[in-house]
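Everything below concerns the one structure shown next.
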Amino acid sequence: MFRKKKLNDDNRIIVDDPNFAYQIEGYTRLKDNVLFMNVDGKNQVLQIESSVQHEGKTTVLSNLAVALGMTEKKVAVVDLDFRRPRLHRAFKLSKSVGVSDYILGDCELKDIIKNSGHKNVDVITCGDAMNNPTLILVSDKFKAFIKELREKYDFILLDCAPVLQVSDYIHISKVSDGVIFCVAYAMITKAQVSEAVRELRKNNVNILGSVFSMYDKKKDKSLGLGGYYKYYKHYKSYIEESSRQREKDEEEFTAEQK
């Protein structure tokens, strides 16, 4: 069992800062995998999810977006975590005038697209607070909103609320192509990862892959020799097992239809 701690998730964008060469390598590999997954254009809209708060999903999304922008891809990042929005902090922008304002008809699409200050990356913040974001996420205008973004950008990255705390992911998955699932090192437990993946699978959400976030060498030492590899194997094995089970279920379903 790993002790829970509130990690330092300050949403820093570092992929264009040469002082973070070690961390940049990780984001470069993630960026290359995302480019490969979308070679046929079928994984253009990506949900960035985690089991609980403070697993670094906004940091992962922001750095991935900037890394993709550096490869001449046009990228839109959209904050759909209406209860705890953080994307605006990463790009040092105001969260006002965003998705909620557009869906409710208070402004046009061009009014909510903000310049990120990074090459080829635009930001769409969540906008004014909503008591019931589900009303937005199930609306026809929201579906049309994502469709219009598909026509304007090479990638659309959606910053979403944690799976185990809010059920918004169910509605968002109807307009996205799949999920990139963040798992924070030395914070999240196997039981939480298991439950979150089970919820995603139960609702037929397409899990494209996972990101092992917020690794810290100092914490690795506190867990003993090989802590990183043991923990990585611990959660990775569940993701792979879940994927194999889903493939088996789909094969059995197809066989039943014949």
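The values are calculated or read from the model by the stated rules, or taken from the named source; none is laboratory data. The model shown is predicted, which means the values in this text are computed figures rather than measured ones. We place every Cβ from the backbone using ideal geometry, glycine too, and count neighbours over all the protein chains shown. SASA here: full protein model, heavy atoms, side chains in, ligands and nucleic acids out. Shrake-Rupley method; radii C 1.70, N 1.55, O 1.52, S 1.80 Å.
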Could you state, as a whole-number percent, how many of the C-alpha pairs of the stretch 67-215 are farther apart than 18 Å? 59
Whenever you get a sec, compute what percent of the accessible area on the stretch 8-132 sits on carbon and sulfur atoms (1.4 Å probe). 47
XL table K92/K174; K42/K190; K95/K152; K73/K147; Cα-Cα > 27 Å flagged, in table order, is K92/K174; K42/K190
Computed over the stretch 66-144, protein heavy atoms only, probe 1.4 angstrom, the accessible area per residue in square angstrom equals 48
Expressed in nm to one decimal, what extension gain is obtained for the pair I14 and S96 from 0.36 nm per residue of sequence separation less their Cα-Cα distance? 27.0 nm
Simple spin-label estimate for V39/N206, 7 Å along Cα→Cβ, in nm, reads 1.7
